[in-house]
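**Q** Pasting in a structure now, in structure tokens, and then I'll have a few things to ask.
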Amino acid sequence: MADASPCNPKRRTFHGRRKGRRLRPGRQRLLDELLPQLEIRPPPPGEPLDPHALFEPPRPDLWLEIGFGAGEHLAWQALEQAKRDSPVGLIGVEFFINGIAGLLHRIDGTPALERLRLYRGDARDLLDLLPAGCLQRVFILFPDPWPKLRHHKRRLIRRETLGRLSRVMAAGAELRIATDDDGYLTWILERLAGHPQFQWLADGPRDWRLRPADWPATRYEEKALAAGRTPAYLLFRRCREDPRRAPA
């Protein structure tokens, strides 16, 4: 699918569904009335996007979730940060309209509204607009594994994506990735374990087979477990410098 996002007029090839079943009237109303209050719009041509200005002051730490699905994890994180009164603002990126409507249904009328901003479109466009070093945490949870060999080029975790992420993540920022596909797990580790800008935070199997306490389960994860698949929960840190570089 080729599409142009609100943040970038050029057309990109995007693989995946844009819309599923017809929405219920209540969820369509949320898309029409609530989404415009939260949606990230592009700045005027030639002007940078200031993501901190999307939230009420003071300037929050910024967390980004790419492909939030039906929004279970993103809504939980936003509600949890609001409950703790933590200085965190969350940005969610999703292309699937039904998923966006599902998230809006979860957060409507809750304190999460003040903590969330949404981008409807291709994450690459938003990443290209964000200033360097602005993100403190990034979530990519159960991305489509595109298991067929001829579809591997569609996978989100690619060197180009990692280059974009390393630019917008602050030194010491955390990248969280989950997958229940063994082939995709190998693919991810091959591209991240040796990446000069990311360090894998694992000392043993328990560090990536057990989900952290501040990482709630999603509906997709529950389906994977019910089907007998074992998810992997990967944590990486954006390095302050190339860890392979010898000290002077």
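The values are calculated or read from the model by the stated rules, or taken from the named source; none is laboratory data. Predicted model, so just to flag it, every value in this text is computed and none were measured. For neighbour counting, all protein chains shown are included, and Cβ atoms are generated from backbone atoms with ideal geometry for every residue, glycine included. Heads up: the accessible areas ignore ligands, DNA and RNA and are worked out on the full protein's heavy atoms, side chains in. Shrake-Rupley method; radii C 1.70, N 1.55, O 1.52, S 1.80 Å.
**Q** Scanning the stretch 224-248 for residues that are at pLDDT 90 or above, over 16 Å from the mean Cα position of the chain (by Cα) and not aliphatic (A, V, I, L, M), which turns out most open to solvent (accessible area, probe 1.4 Å)?
**A** Arg229
**Q** Phe139 fails exactly one of the following numbered conditions: (1) open to solvent by 40 Å² or more (accessible area, probe 1.4 Å); (2) outside any helix (DSSP H, G or I). What is the number of that condition?
**A** (1)
**Q** So for the stretch 163-178 (the condition being closer than 27 Å to Leu103 by Cα, open to solvent by 40 Å² or more (accessible area, probe 1.4 Å) and at pLDDT 95 or above), does at least one residue qualify?
**A** Yes, the stretch 163-178 contains a residue that is closer than 27 Å to Leu103 by Cα, open to solvent by 40 Å² or more (accessible area, probe 1.4 Å) and at pLDDT 95 or above.
**Q** Say whether the condition of being over 25 Å from Ala123 (Cα atoms) and among the hydrophobic types (A, V, I, L, M, F, W, C) is met by at least one residue in the stretch 180-187.
**A** No; the residues of the stretch 180-187 include none that is over 25 Å from Ala123 (Cα atoms) and among the hydrophobic types (A, V, I, L, M, F, W, C).
**Q** What's the number of the only condition in (1) open to solvent by less than 40 Å² (accessible area, probe 1.4 Å); (2) aliphatic (A, V, I, L, M); (3) under 24 Å from Leu23 (Cα atoms) that Leu113 fails to meet?
**A** Going through the list (1) open to solvent by less than 40 Å² (accessible area, probe 1.4 Å); (2) aliphatic (A, V, I, L, M); (3) under 24 Å from Leu23 (Cα atoms), Leu113 breaks only (1).
**Q** Working only within the stretch 116-136, note down all residues that are out of contact with any Ser or Thr (no Cβ under 9 Å at 6 or more places or on another chain), among the charged types (D, E, K, R) and not in a helix (DSSP H, G or I).
**A** Within the stretch 116-136, just Arg117 meets the criteria.
**Q** Restricting to the stretch 152-162, name every residue that is free of Cβ contacts under 8 Å to residues at least 60 places away in the same chain and either more than 15 Å from the chain's Cα centre (by Cα) or open to solvent by less than 40 Å² (accessible area, probe 1.4 Å) (or both).
**A** His152, Lys153, Arg155, Ile157, Arg159, Glu160, Thr161, Leu162
**Q** What about Leu118, is it surrounded by 18 or more Cβ atoms within 10 Å (Cβ to Cβ), touching a Gly at 6+ places or on another chain (Cβ under 6 Å) and closer than 18 Å to Phe68 by Cβ?
**A** It is true that Leu118 is surrounded by 18 or more Cβ atoms within 10 Å (Cβ to Cβ), touching a Gly at 6+ places or on another chain (Cβ under 6 Å) and closer than 18 Å to Phe68 by Cβ.
**Q** Identify, from the list Gly26, Gly46, Gly20, Gly99, the residue that is of a type outside the set (A, V, I, L, M), part of a helix (DSSP H, G or I), more than 20 Å from the chain's Cα centre (by Cα) and at pLDDT below 95.
**A** Just a single option satisfies the conditions, and that option is Gly26.
**Q** If Pro212 passes every condition in (1) assigned to a loop (DSSP other than H, G, I, E, B); (2) over 18 Å from the mean Cα position of the chain (by Cα) but one, which one does it miss?
**A** Here Pro212 clears every test but (2).
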